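Comments concern the structure below.
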Amino acid sequence: MKISLTKAGKRFNRDWIFRNVTYEFTTGVSYAITGPNGSGKSTLLQVIGGAVAASEGKLQYEIHDTKPKIIEDTEVFRYLSIAAPYLEVIEEMTVTEFLTFHSQFKTLLPGVSIPAIIARVGLEKAAHKQIRFYSSGMKQRVKLAQAIFSNVHCVLLDEPCTNLDAEGIALYQQLVKDYCSDRLVIVSSNDIQEYGFCSETINILSYKNGHQ
């Protein structure tokens, strides 16, 4: 998959969050969007994912499965997944029910069952407990599971280790290593533990006030 931004910018009211972002993201490469808290990292990630519309510029999504194909904006969601602190899970469901429900919209990686996913993220003992009874760290593991185990071309990770302890951080790093090496991965973070594996880094501050 290739995601191309050409002079992309986003503003809220009169304040520009970023401007003139021209960048190309390609499958098999991991990218980190870095910068201080409140600098616009999450906004850029949401624009890349099509969840937030850019105020200016152009975005293009392309896949190369058999031959190059431009993806319509309305279809982009089929090709990517996201884990982020601000995204909610359905807390009245168990994790088994939630992943089953999620798999009706996005197929899971081939050869991996839902019980195996739950065990892989360390939630097998809570597989039949409603998510509302989970700790914040357990809920984050659910979010990572639904993003990383979705059979998509692109995985977007916004502050993916939020609420995770050292064991959870190690799990996250291993999941990325085991399941994301051949996909396009974009991480929004200012914590090296979350993006240390990325080979490309984009500093959001480089795109403030129309610079770059």
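The values are calculated or read from the model by the stated rules, or taken from the named source; none is laboratory data. None of the values given here were measured: they were computed from a predicted structure. Cβ coordinates were reconstructed from backbone atoms using ideal geometry, including for glycine residues, and neighbour counts include every protein chain displayed.
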| field | Qualifying positions in region 55-111 - small (Gly, Ala, Ser), touching a residue at least 40 places away in the same chain (Cβ under 8 Å) and either more than 30 Å from His128 (Cα to Cα) or surrounded by fewer than 14 Cβ atoms within 10 Å (Cβ to Cβ) (or both) | value | Ser55, Gly57
| said: Given the criterion closer than 30 Å to Lys10 by Cβ, of a type in the set (Ser, Thr, Tyr) and modelled with pLDDT of 95 or more, identify the matching residue among Ser113, Ser136. | reply: Ser136
| What are the residues in region 1-40 that are among the aromatic types (Phe, Trp, Tyr) and under 11 Å from Leu59 (Cβ atoms), if any? | Tyr23, Phe25
| task | Please work out if Asp191 is free of Cβ contacts under 8 Å to residues at least 40 places away in the same chain and either touching a Ser or Thr at 6+ places or on another chain (Cβ under 7 Å) or under 23 Å from Phe25 (Cβ atoms) (or both). | result | yes
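Here's the yes/no breakdown for (1) over 17 Å from Ile186 (Cα atoms); (2) aliphatic (A, V, I, L, M); (3) not in a loop (DSSP other than H, G, I, E, B):
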{"residue": "Gln60", "(1), (2), (3)": "no, no, yes"}
{"residue": "Asp65", "(1), (2), (3)": "yes, no, no"}
{"residue": "Ile70", "(1), (2), (3)": "yes, yes, yes"}
{"residue": "Glu75", "(1), (2), (3)": "yes, no, yes"}
{"residue": "Leu99", "(1), (2), (3)": "yes, yes, yes"}
{"residue": "Pro115", "(1), (2), (3)": "yes, no, yes"}
{"residue": "Gly122", "(1), (2), (3)": "yes, no, no"}
{"residue": "His128", "(1), (2), (3)": "yes, no, no"}
| request: Please state which of the following conditions Asn20 fails to meet, knowing it meets all the rest: (1) out of contact with any His (no Cβ under 8 Å at 6 or more places or on another chain); (2) more than 20 Å from Val185 (Cα to Cα). | output: (1)
| query | Can you name the residue in region 163-212 that is among the charged types (D, E, K, R) and assigned to a loop (DSSP other than H, G, I, E, B) and is also nearest to His153 (Cα to Cα) among such residues? | reply | Arg183
| Pick from region 112-131, criterion surrounded by 19 or more Cβ atoms within 10 Å (Cβ to Cβ) and either charged (D, E, K, R) or in contact (Cβ under 8 Å) with a residue 40 or more places away in the chain (or both), ranking: farthest from Pro85 (Cα to Cα) | Arg120
| Would you pick out the residues in region 132-147 that are more than 21 Å from the chain's Cα centre (by Cα) and either surrounded by 15 or more Cβ atoms within 10 Å (Cβ to Cβ) or in a helix (DSSP H, G or I) (or both)? | Arg132, Phe133, Tyr134
| said: If I filter region 14-32 for residues that are at pLDDT below 95, of a type in the set (D, E, K, R) and surrounded by fewer than 16 Cβ atoms within 10 Å (Cβ to Cβ), do I get at least one hit? | reply: yes
| query | Is it the case that region 168-182 has a residue that's touching a residue at least 60 places away in the same chain (Cβ under 8 Å) and closer than 19 Å to Gln46 by Cα? | reply | no
